[in-house]
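See structure below.
The values are calculated or read from the model by the stated rules, or taken from the named source; none is laboratory data. Only a predicted model underlies this, so the values are computations on that prediction, with no experimental measurement involved. Cβ: placed from backbone, ideal geometry, glycine included. Neighbour counts: every protein chain shown.
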Amino acid sequence: MSGRIPRDFIDDLLARTDVVDVVDSRVKLKKAGKNYQACCPFHNEKTPSFTVSQDKQFYHCFGCGAHGNAISFIMEFDRLDFVEAVEDLARLHGLEVPREQGSRPAMSEEKRQQQQDDYALMESVTRFFQQQLRQHANSPKAIEYLKKRGLSGDIVKRWEIGYAPGEWDGLLKTFGTDTPRVKQLIELKLVNQNDRGKTYDFFRDRIMFPIRDRRGRVVGFGGRVLDDGGPKYLNSPETRIFHKGYELFGFYQAKQSQRHLDKVIIVEGYMDVVALSQYDINIATAALGTATTPEHLSMLMRSTSHIVCCYDGDRAGREAAWRALENALPALKDGVKLTFLFLPDGEDPDTMVRKIGTDAFLKLTDNALPLSRFFLESLLKNHEVGTPEGKMAMKAAAQPLIDQVLGDNQRDMLQEELAKHVGEYDRFRLQQDIQQARQSSQRPVYTGKNQQKTQISPVRTMVRLLLDNPALAHKHPSCTPKVLANSGVSGIHVLIDIHDFCLHHPRATTAQVLENFRNHPHSAVIAKLLLQEHLIREDDADTVYCDSFARLLDWHFDSRIETLISRSRVQPLSQQEKTELTLLMKERQKS
């Protein structure tokens, strides 16, 4: 792994980049006033709600809430992680990505070349297995197996399916031309070496499925046994380029077949993915011999708004589904639907689609069990809610899982359903009403001419204005949120951190501010604020910014005065407190 990318380099990279060019190279934009518009590339829509601001170097979709800077767009659109996105953007500008010293050292040229050699070798091995399927003496047996499974020649070719020879050293003899190459084969787990130093092929006499990562590179293989001997499926072990918990078989192909994945079906086996594609269902993917991990689900949630987990209807299938649900909850965000499809006993997606056809199978996925229903039905099987003890036991089991849910609406929905089953629905509704009343009672921060009143608090207003125009911090030095650090005002530390960054970077764009807080504890709060329209015109920004800070001071003065007066009723104030109260009262009278 490389060292950390310096923050200054990322800021400079964003300063060199025009987000309009980045987006327009992937989604055709049209000029709309100061900004640019298009139909959102992250969800289906007929009327454009996706806006790109050249001034702020920021994009935002008013339909699905997608937002971010040039790096975020490349990550989401091209399905890359952060480092990959930075490297791609740097490559456009002819820049080498530096790494900070004192962290892990940057990837050396030698290691970079080794990585390229690894991927090249895996591609060559893929071609070798394909060739063996056509030319090996045992190929008729392998081809007959594929025919029995109902796979056509076109599908076999499309999925690059091959055959690993049954000999102990078929692959080794072909690629192990010298000692360094044999060492590489061992490190990529294509060849095994026992305690006595004997080397032999890892995959033998198996149907081979190449596993491609999100960028289309072969990183491993899955081998399906032809007969009943040995494990049914054998997957490549972990290597320096292959990590099972982060890869999904068929996901790259699904992305290639459809830019907009309205739905993704998670199935249990490679053959299920391939069989569904033969029936023109090109949205299936499978975990690689492991349970569906949080990383798998998080990756899928960035790519689609509907994930269908398809399992056998037996006990093992339902247990696998429950593990998937537990792993999904921490990544479950609003706007993503997770459902569960349980097939009849003895059926899997391969056999089911052949029996009922494409349309009927897709209809099953449309009517799959919603997460909330599967969640509660599973809990109800283990808890007798007819008794107070059973209700409390069910709540104790469910609450820690619900608390992990990322999306506010998803979490509230599960909480409401749980409340119905444990006899706390009235209490839940009361808490919701109280919360809504508190939100609606917030003071309006500003009312300009022909402008609607807004219920956003002064703190949120100042944060949003700083995100839109970081220069405000330097322009108004008298507005210093740090003086309120100990005020107890909700969200004040978010404002202080953002104000401090903007004060020291007055020429920063919205994109650069957002990037600075990407992994910050406040990043979720900032993201929510960016999704809200604040209804403040640019001409009014300075006035609203200063007025909001004045209101914060008023809130602080009122709160502190009330605290000191209440304390005086219980015990005499100290001289310092008396002086403070006098000064606060005078200051309050001025305002």
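Return the residues of the range 330-357 that are hydrophobic (A, V, I, L, M, F, W, C) and modelled with pLDDT of 90 or more; say none if nothing qualifies.
If we filter the range 330-357 for residues that are hydrophobic (A, V, I, L, M, F, W, C), which is where we start, we get 331-332, 336, 338, 340-343, 352-353, 356.
Within the range 330-357, Leu338, Phe340, Leu341, Phe342, Leu343, Met352, Val353, Ile356 meet the criteria.
Every condition in (1) farther than 27 Å from Asn409 by Cβ; (2) over 18 Å from the mean Cα position of the chain (by Cα); (3) assigned to a helix (DSSP H, G or I) is met by Gly245 except one, and the failing one is (2).
In this structure, Ile265 does satisfy being under 22 Å from the mean Cα position of the chain (by Cα), in a strand (DSSP E or B) and under 23 Å from Leu329 (Cα atoms). Being crowded, with 18+ Cβ neighbours inside 10 Å, closer than 28 Å to Ala527 by Cβ and of a type outside the set (A, V, I, L, M, F, W, C) holds for only one residue in Glu295, Glu247, and it is Glu247. Within the range 147-165, does at least one residue satisfy the condition of being touching a strand residue (DSSP E or B) at 6+ places or on another chain (Cβ under 7 Å), β-branched (Val, Ile, Thr) and under 14 Å from Met208 (Cβ atoms)? The answer is yes; a qualifying residue exists.
Being outside the structural domain of Met299 (by TED's automatic domain parsing) and at pLDDT 90 or above narrows it down to one residue among Ala398, Ala360; which is it?
Numbers: Ala360 fails: outside the structural domain of Met299 (by TED's automatic domain parsing).
Ala398 is the lone residue from the list that is outside the structural domain of Met299 (by TED's automatic domain parsing) and at pLDDT 90 or above.
In the range 155-165 there is at least one residue that is of a type in the set (Asp, Glu) and under 29 Å from Thr351 (Cβ atoms). Against the definition (buried (at least 17 other Cβ atoms within 10 Å of the Cβ) and touching a Pro at 6+ places or on another chain (Cβ under 7 Å)), how does Val19 come out, yes or no? For Val19, the condition - buried (at least 17 other Cβ atoms within 10 Å of the Cβ) and touching a Pro at 6+ places or on another chain (Cβ under 7 Å) - is not met.
For the range 243-272, a tally of residues being touching a residue at least 40 places away in the same chain (Cβ under 8 Å), farther than 25 Å from Cys64 by Cβ and touching a strand residue (DSSP E or B) at 6+ places or on another chain (Cβ under 9 Å) returns 9.
Would it be correct to say that Glu319 is outside the structural domain of Pro41 (by TED's automatic domain parsing), free of Cβ contacts under 8 Å to residues at least 12 places away in the same chain, surrounded by fewer than 16 Cβ atoms within 10 Å (Cβ to Cβ) and under 26 Å from Leu418 (Cβ atoms)? Reasoning before the result, please.
On the way: outside the structural domain of Pro41 (by TED's automatic domain parsing): yes; free of Cβ contacts under 8 Å to residues at least 12 places away in the same chain: yes; surrounded by fewer than 16 Cβ atoms within 10 Å (Cβ to Cβ): yes; under 26 Å from Leu418 (Cβ atoms): yes.
Against the criterion (outside the structural domain of Pro41 (by TED's automatic domain parsing), free of Cβ contacts under 8 Å to residues at least 12 places away in the same chain, surrounded by fewer than 16 Cβ atoms within 10 Å (Cβ to Cβ) and under 26 Å from Leu418 (Cβ atoms)), Glu319 qualifies.
Note on the range 124-146: residues that are of a type in the set (A, V, I, L, M, F, W, C) and farther than 12 Å from Phe209 by Cβ amount to 5.
With the structure loaded, tell me whether Phe517 is among the aromatic types (Phe, Trp, Tyr), out of contact with any His (no Cβ under 9 Å at 6 or more places or on another chain) and modelled with pLDDT of 90 or more or whether it fails that test. Write out each step before concluding.
On the way: among the aromatic types (Phe, Trp, Tyr): yes; out of contact with any His (no Cβ under 9 Å at 6 or more places or on another chain): yes; modelled with pLDDT of 90 or more: no.
When the stated conditions are applied, Phe517 does not pass them.
Are any residues in the range 282-292 surrounded by fewer than 20 Cβ atoms within 10 Å (Cβ to Cβ) and under 22 Å from Phe361 (Cα atoms), and if so, which ones? Break it down stepwise before answering.
Taking the range 282-292 first, the residues surrounded by fewer than 20 Cβ atoms within 10 Å (Cβ to Cβ) are 282, 289-291.
Once the filter is applied, which keeps residues that are surrounded by fewer than 20 Cβ atoms within 10 Å (Cβ to Cβ) and under 22 Å from Phe361 (Cα atoms), the range 282-292 yields only Asn282.
Quick check: is even one residue across the range 281-291 assigned to a helix (DSSP H, G or I) and hydrophobic (A, V, I, L, M, F, W, C)?
Just the residues of the range 281-291 that are assigned to a helix (DSSP H, G or I), to begin with: none.
Checked against the condition, which is being assigned to a helix (DSSP H, G or I) and hydrophobic (A, V, I, L, M, F, W, C), the range 281-291 yields no hits at all.
Against the numbered list (1) surrounded by fewer than 16 Cβ atoms within 10 Å (Cβ to Cβ); (2) over 25 Å from Asp350 (Cα atoms), Ser152 comes up short only at (2).
The condition of being at pLDDT below 90 and more than 19 Å from Ala524 (Cβ to Cβ) holds for Val445.
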